[in-house]
Structure formats: C-alpha cells, structure tokens
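Asker: Got a structure for you, questions after.
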Amino acid sequence: MDRPGFWPELRRGFLDILPLMAGVVPFGLLFGTLAVQKGLSPLEVILMCATTYAGGAQFVSIDVWATPVPVFAVVLATALANTRYFLRGAALRPHVRHLPVATKAWFVAIHSDETWALAIKRGGSAQLTTGYVVGLTVLFYLNWPISCAIGAWLGSAIENPARFGADFMFVAMFLCLIRGMWQGRTSLVAVLGSALCALVAHLWLPGYWYIFIGASRGMATRALLYRTIVPAGVSAC
C-alpha cells in the first residue's frame with residue numbers, strides 16, 4: 001500500500017495540533033508577562049523562547065530568576081525540569097527510527113509535550129511520516145515565541161495573572177493530553193501512580209525532582225501492567 005503524500009500528511013498534522021496551538025497562546029502570554037516582571041526585555045524573552053523552547057523549564061527558571069541572576073540555580077532547575085525528555089525520547093524512538101535523519105533530528109530537537117503526545121498517539125495506529133511531523137511541529141514551534149513576545153509587550157498591563165486563573169493553564173492542558181491518550185483502567189493506574197509519587201516527592205524533596213520522579217514512576221507502573229496491555233504473541237517495537 002502506498003504511503004500518504006507529503007501535503008495530505010502535513011495538513012493532518014497541522015489539524016491535529018491546531019486546537020493545542022490555541023491552548024498554548026494564553027500559556028505564552030503568561031510566560032511573557034512573568035518574564036518582563038522579572039526584568040527581562042521583550043527581545044530577551046523572544047530569544048529565550050526561540051532557543052530554549054521548553055515551556056515548563058522556562059517557567060521553572062523564571063521562578064528562581066533574580067538580580068543578579070543565580071546562574072547555577074537556574075541551570076540546575078531547568079535541567080531537572082527537562083529530565084522528562086530522557087523518558088519521552090525512549091518512548092518516541094520506535095515511532096521515528098524509520099524517518100529520514102533530518103526529520104528525526106528536527107523532531108527530537110523541537111518536540112514539545114503536546115507534539116510528543118500526538119505523535120505517540122498517531123504512531124499507535126499509523127506510521128509517522130515526514131509530512132505529519134512537519135505539520136505537527138513547525139507552526140506550533142513558531143506559536144510559542146510569538147505568544148511569549150505578545151505577553152512580554154503587554155506584561156505591564158497585567159499585574160497578577162493568577163487572579164484570572166492563568167496559573168491553572170498548564171495543568172488544564174496536561175489534563176486534556178491525558179484524556180486524549182486515555183486507555184481505560186491501565187491509564188488510570190499509571191496516572192494515579194505518577195501523581196502520588198510526584199506529590200510525595202514534592203512534599204519531601206527540595207527543588208523540582210518531583211517532575212522526574214513522577215514521570216519515571218508513571219512509566220514504571222505502566223511497565224508492570226505491560227502484559228495486560230500487549231496481547232500474548234505480539235512483540236514490542
């Protein structure tokens with residue numbers, strides 16, 4: 001059977017990510033607002049978002065930002081927030097290993113929580129293609145620095161974003177991603193295991209270790225249920 005063409009696949013990737021692009025805009029506005037309130041200029045916000053491109057880690061870094069900048073604390077906090085990429089990369093590998101090297105390099109370098117989740121979901125029913133990856137990632141990537149730049153320019157007009165519920169946006173987006181990948185009882189066990197371990201780590205450990213611990217425990221819980229998820233005789237990728 002012939003593989004789908006580049007443009008139909010690009011269109012499908014774009015349509016899949018479009019609702020989440022709209023959801024990221026308020027998230028970017030919030031980050032831009034917080035960043036300028038911490039002393040960054042709009043240009044610095046744009047450069048940070050375009051080169052770092054890690055929303056969760058950027059919020060963590062802004063949380064510990066001060067003048068003078070505590071470089072070691074910022075780097076350490078950002079690194080801890082990004083440890084989840086090790087786990088995500090391992091989960092993504094079976095779905096991208098057939099792609100051209102340039103496509104693979106682009107995707108692993110620029111994927112986000114949202115594009116990763118949609119790629120994993122798509123890879124469960126069809127083979128990922130270059131067109132789908134491009135449609136999924138390019139405009140979503142541009143959406144982040146643009147949204148943050150607007151937030152930076154409007155930052156002085158919003159003194160307390162939390163009063164509008166903006167601090168719940170990140171949580172709401174991940175709840176939507178979980179719902180989209182829901183597979184019944186096994187998903188419930190994995191989510192509860194991850195949430196419980198993350199909560200305990202957050203209460204008892206300093207810093208942002210709870211991000212990595214929660215993610216790794218969720219994966220471990222899912223692995224323990226592997227035989228109930230994969231029918232006997234079906235090999236893993």
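The values are calculated or read from the model by the stated rules, or taken from the named source; none is laboratory data. A quick note: this is a predicted structure, and the numbers were derived from the prediction, not measured. Cβ atoms come from the backbone with ideal geometry, glycine included; neighbour counts cover every protein chain shown. When the accessible area is computed, the model is the full protein with side chains, heavy atoms only, and any ligands, DNA or RNA have been set aside. Shrake-Rupley method; radii C 1.70, N 1.55, O 1.52, S 1.80 Å.
Asker: List pairs: first residue in region 11-28 and under 17 Å from Ile120 (Cβ atoms) and at pLDDT 85 or above, second residue among the acidic types (Asp, Glu) and crowded, with 19+ Cβ neighbours inside 10 Å anywhere in the structure, Cβ distance under 9 angstrom, at least six positions apart or on different chains.
Answerer: Ile17/Glu114; Leu20/Glu114
Asker: Of the residues in region 120-135, how many are modelled with pLDDT of 95 or more and under 17 Å from the mean Cα position of the chain (by Cα)?
Answerer: Of the residues in that region, 3 qualify.
Asker: Can you give me the number of residues within region 24-41 that are within 16 Å of Leu142 (Cα to Cα) and open to solvent by 20 Å² or more (accessible area, probe 1.4 Å)? Don't jump to the end; show me each part of the working.
Answerer: Here is the first cut: in region 24-41, the residues within 16 Å of Leu142 (Cα to Cα) are 24-29, 31-32.
This time we only want the ones that are open to solvent by 20 Å² or more (accessible area, probe 1.4 Å), so: 25-26, 29.
Residues meeting the conditions: 3.
Asker: Out of the residues in region 42-99 that are of a type in the set (D, E, K, R) and within 26 Å of Thr129 (Cβ to Cβ), state the one that is least open to solvent (accessible area, probe 1.4 Å). Break it down into steps so the answer makes sense when it comes.
Answerer: Step one: of region 42-99, the residues of a type in the set (D, E, K, R) are 44, 63, 84, 88, 93, 97.
Next, only the ones that are within 26 Å of Thr129 (Cβ to Cβ) stay: 84, 88, 93, 97.
Values: Arg84: 34, Arg88: 18, Arg93: 144, Arg97: 121 Å².
Going through the qualifying residues, I end up with Arg88.
Asker: Test Ala166 against the criterion of being closer than 25 Å to Asn82 by Cβ, crowded, with 17+ Cβ neighbours inside 10 Å and at pLDDT 70 or above, and give yes or no.
Answerer: Working: closer than 25 Å to Asn82 by Cβ: yes; crowded, with 17+ Cβ neighbours inside 10 Å: yes; at pLDDT 70 or above: no.
Judged against the criteria, Ala166 is not a match.
Asker: Being over 20 Å from Thr83 (Cα atoms), polar (S, T, N, Q), modelled with pLDDT under 80 and within 20 Å of the chain's Cα centre (by Cα) narrows it down to one residue among Ser216, Ser187; which is it? Can you show your working first?
Answerer: Working: Ser216 fails: over 20 Å from Thr83 (Cα atoms).
Sole residue among the options that is over 20 Å from Thr83 (Cα atoms), polar (S, T, N, Q), modelled with pLDDT under 80 and within 20 Å of the chain's Cα centre (by Cα): Ser187.
Asker: Name every residue in region 89-120 that is free of Cβ contacts under 8 Å to residues at least 60 places away in the same chain, closer than 26 Å to Trp65 by Cβ, in a helix (DSSP H, G or I) and touching a helix residue (DSSP H, G or I) at 6+ places or on another chain (Cβ under 7 Å), in order of residue number.
Answerer: Ile110
Asker: Right, something else. Out of all the residues in region 57-86, which are over 18 Å from Leu205 (Cβ atoms) and touching a residue at least 60 places away in the same chain (Cβ under 8 Å)?
Answerer: Listed by number, the list holds a single entry, Phe59.
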